[in-house]
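Written out below as structure tokens is the structure these notes cover.
The values are calculated or read from the model by the stated rules, or taken from the named source; none is laboratory data. It should be emphasised that the depicted structure is a prediction, and the values quoted were computed from it without experimental measurement. For neighbour counting, all protein chains shown are included, and Cβ atoms are generated from backbone atoms with ideal geometry for every residue, glycine included.
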Amino acid sequence: MNIVKKAALGLSLAIALTASAQAQVTQTLSQSGTDQYAWINPGRIDFGGVTLAAGTNTIYALTSSSTLVDQGWGYTDPNNGVFIGLFQGATQVFGFLAAGSSHELATRNFDIADNNVLLGQLNTALRGVSGTDPLSIRMYTDAWGYPGWELHTSNNSFSLTSGVSAVPEPETYAMLLAGLALSGAIARRRKTAATEDGVK
């Protein structure tokens, strides 16, 4: 087998291995609803979540939906709402507001694809976790205790697509490019040599 064919075979194998390393899995969560009252149950109320497979290092997609209303007296804080967080065991590593509430009952939909910066921050946090405790993505409310404040949610759900993505080092890319350049140069040289032989 000549060197060009070997290089092509090696490249095909590398692409196949990378594709297999990026296998994705989608997990979903649904929860009927919650009721929070500042004078009864303030703070975080966990809706539940999904456990990430061992080695997961990439979130590809994350969407959520919640119907909610803040029935506090007077002032409304949009940060009273539904959050999504990355947890290692019981410790929150990263979190963000997915659905802020108002005095009007409304369904709020969230798609992390609309915010590449947030997606990058979530994946950076995910890749920065060390230790053996299981990782999970969880949905929860965590609102402040304004006097007379109430927060009610219903039809809470999210969908998460995650996987184990190969994250090559820069040196790997350099070696791949060098190999492709070498293969191209050899192919051109052989073609030139064949043409010159034909002329003779």
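THR67: more than 15 Å from ARG138 (Cα to Cα), modelled with pLDDT of 95 or more and surrounded by 15 or more Cβ atoms within 10 Å (Cβ to Cβ), yes or no?
Yes.
With respect to THR56, determine if the residue is under 15 Å from LEU135 (Cβ atoms) and of a type in the set (Ser, Thr, Tyr).
Values: under 15 Å from LEU135 (Cβ atoms): yes; of a type in the set (Ser, Thr, Tyr): yes.
Considered against the rule, which asks whether it is under 15 Å from LEU135 (Cβ atoms) and of a type in the set (Ser, Thr, Tyr), THR56 comes out as yes.
Would a scan of region 102-109 turn up a residue that is free of Cβ contacts under 8 Å to residues at least 24 places away in the same chain and assigned to a loop (DSSP other than H, G, I, E, B)?
If we filter region 102-109 for residues that are free of Cβ contacts under 8 Å to residues at least 24 places away in the same chain, which is where we start, we get none.
Looking through region 102-109, none of the residues is free of Cβ contacts under 8 Å to residues at least 24 places away in the same chain and assigned to a loop (DSSP other than H, G, I, E, B).
Regarding region 140-157, can at least one residue be identified that is over 27 Å from the mean Cα position of the chain (by Cα), under 20 Å from SER64 (Cα atoms) and either assigned to a loop (DSSP other than H, G, I, E, B) or modelled with pLDDT under 95 (or both)?
Going residue by residue through region 140-157, those that are over 27 Å from the mean Cα position of the chain (by Cα) are 144-152.
Retained after the next criterion (residues that are under 20 Å from SER64 (Cα atoms)): 151-152.
Those still in the list that are either assigned to a loop (DSSP other than H, G, I, E, B) or modelled with pLDDT under 95 (or both) too: 151-152.
Within region 140-157 (the criterion being over 27 Å from the mean Cα position of the chain (by Cα), under 20 Å from SER64 (Cα atoms) and either assigned to a loop (DSSP other than H, G, I, E, B) or modelled with pLDDT under 95 (or both)), the answer is yes, since at least one residue qualifies.
Could you go through region 36-56 and let me know if any residue there is buried (at least 16 other Cβ atoms within 10 Å of the Cβ), at pLDDT 95 or above and under 16 Å from SER154 (Cβ atoms).
no
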